[in-house]
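Please treat every number below as a calculation from the coordinates, not as lab data. Just so it is clear, the structure is predicted and the values come from calculations on it, not from any experiment. Glycine also receives a Cβ, built like all others from the backbone with ideal geometry; neighbour counts cover every protein chain displayed.
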Amino acid sequence: MVLIFGGAYQGKSDFALRTFGLEEKDLFFCTVDNTPDWGAKALCNAEQLFLQLTKNNVDVVRFLSDNIDKLEDKIITVNDVSQGVVPIDSTLRAWREATGRAMLFLASNSCQVYRVFCGIEERIK
Amino acid sequence: MNVFISGGCKNGKSFHAQKLAREMAAEQDLPLYYLATMIPVDDEDRARIKRHLSERDGWGFDTIEQGTDICACLSSRTLSGNAVSASGVFLLDSVTALLSNEMFPPDGSPDMEAPERLAKQLAAFARLTGNTVFVSDYIYSDAFIYDPLTEAYRRGLALLDRTLTGICSSVIEVSYGFTKEHKKRGVL
């Protein structure tokens, strides 16, 4: 598993495309209401999946550990939402924390971890 | 050398950028310009500009005011009346304010073409001067769902940031006074 994180619009999926020999069709973009395509090589915007799970009161780390075998060969991009003001909305607040815990889980289970800053990647694991 | 600096709010970006621009000008014996991008709309803005001017007092900056159409400043004059030379060192603070000015004109109708246009203008400015320190703001890591216009602004600023990091020889992230160089001259 490879984790790629960074702020919004920093070029995370572009980095995945050019670094891991992927094509657009290999990318699956998570949204708050779609079901992850476990057949895709890369799951992008996983924070949207985490928001969906949070809204459905599903424990995100439990969900990830239950699906760890499906995640093993995946490239996962996550928009880091940890650095702003604590949201006033309780769902967004729970989402922000769930995303942080999910990223800890993904980072510890990944063989490579990258942070992308303004289009420039840095390997941190 | 063109330099791109970003980081969170009140992290010391401007101070670092000012030091760097001053060093660049001193090393090469070039004029040192401060490109002020804010277009004041009320007394609060005017007070802020006055404060910024006094904070830069003694740094040796010759201030140029240019809120839109950034390349036009190269054929204008500074506040003190000097003709601007493209071969000087420029501190452009900030890319964020420029995008606001271009995207949200006073007539109230958002210009959705502004990010693409400004990306080209900034690339041209970097090419024409070769010695500009660009300051932007890292506004991409909060847990909030914005309205479409604000989201378009964030996406637009990220386009400008990525355009500039592609062009600049040095890319620096400032975190509470600490700096991290993501791209170094001659390394990438």
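Here is how the numbers come out for the structure above:
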{"item": "Check: the protein assembly as shown dipole with +1 on Lys, Arg Cβ and -1 on Asp, Glu Cβ, in debye", "result": "800"}
{"item": "Förster radius 22 Å - calculated FRET efficiency between B:THR68 and B:GLU151 (Cβ-Cβ, nearest 0.05)", "result": "0.45"}
{"item": "When the range A:1-47 is reduced to its Cα atoms, the Kirkwood hydrodynamic radius in Å", "result": "11.2"}
{"item": "Calculated FRET value between B:ALA86 and A:ALA107, using beta carbons and R₀ = 41 Å, to 0.05", "result": "0.35"}
{"item": "For the range B:3-103, radius of gyration divided by Kirkwood radius, i.e. Rg to Rh on alpha-carbons", "result": "0.94"}
{"item": "Computed lengthening from A:LYS55 to A:PHE29, 0.36 nm per intervening residue step minus Cα-Cα distance", "result": "7.5 nm"}
{"item": "At least 27 Å along the helix axis (C-alpha) and Kyte average at least 0.0, DSSP helices within chain B", "result": "B:148-167"}
{"item": "Chain B, helix-only ellipticity at 222 nm - DSSP H runs n ≥ 4, -39,500 (n - 2.57), divided by all residues, nearest 500", "result": "-13000 deg cm²/dmol"}
{"item": "Three-way shape call for the protein assembly as shown based on the alpha-carbon gyration tensor, with the a/c threshold at 1.5", "result": "prolate"}
{"item": "Chain B pair-distance distribution - Cα-Cα, 10 Å bins, rounded %", "result": "9, 37, 39, 13, 1"}
{"item": "Too-long pairs where the Cα-Cα distance tops 27 Å, listed order kept, from A:LYS74/B:LYS13; A:LYS55/B:LYS10; A:LYS25/B:LYS120; A:LYS12/B:LYS120", "result": "A:LYS74/B:LYS13; A:LYS55/B:LYS10; A:LYS25/B:LYS120"}
{"item": "Among B:TYR138, B:GLN18, B:ASN101 the positive-end extreme of the charge dipole of the protein assembly as shown (Cβ point charges)", "result": "B:GLN18"}
{"item": "In sequence order, calculated HN-Hα J values of the range A:69-81 (Karplus, 6.51, -1.76, 1.60; Hz; x Gly/Pro)", "result": "5, 6, 8, 3, 9, 8, 9, 10, 10, 10, 7, 6, 10"}
{"item": "Gaussian network model of chain B, springs between alpha carbon atoms under 10 Å - residue of B:SER87, B:SER169, B:SER109 with greatest fluctuation", "result": "B:SER109"}
{"item": "Dipole axis of the range A:1-85 (+1 Lys, Arg; -1 Asp, Glu on Cβ), positive-most option in A:PHE50, A:GLY7, A:VAL85", "result": "A:VAL85"}
{"item": "Reachable aspartates and glutamates, given that their alpha-carbon falls under 19 Å from the alpha-carbon of B:LYS19 and they are not under 8 places away in the same chain", "result": "B:GLU27, B:ASP29, B:GLU55, B:ASP57, B:ASP62, B:ASP93, B:ASP137, B:GLU173, B:GLU181"}
{"item": "Inter-centroid distance (Cα atoms) of the range B:79-142 relative to the range A:38-106, Å", "result": "35"}
{"item": "Cα-Cα separations in chain A greater than 19 Å, expressed as whole percent", "result": "43"}
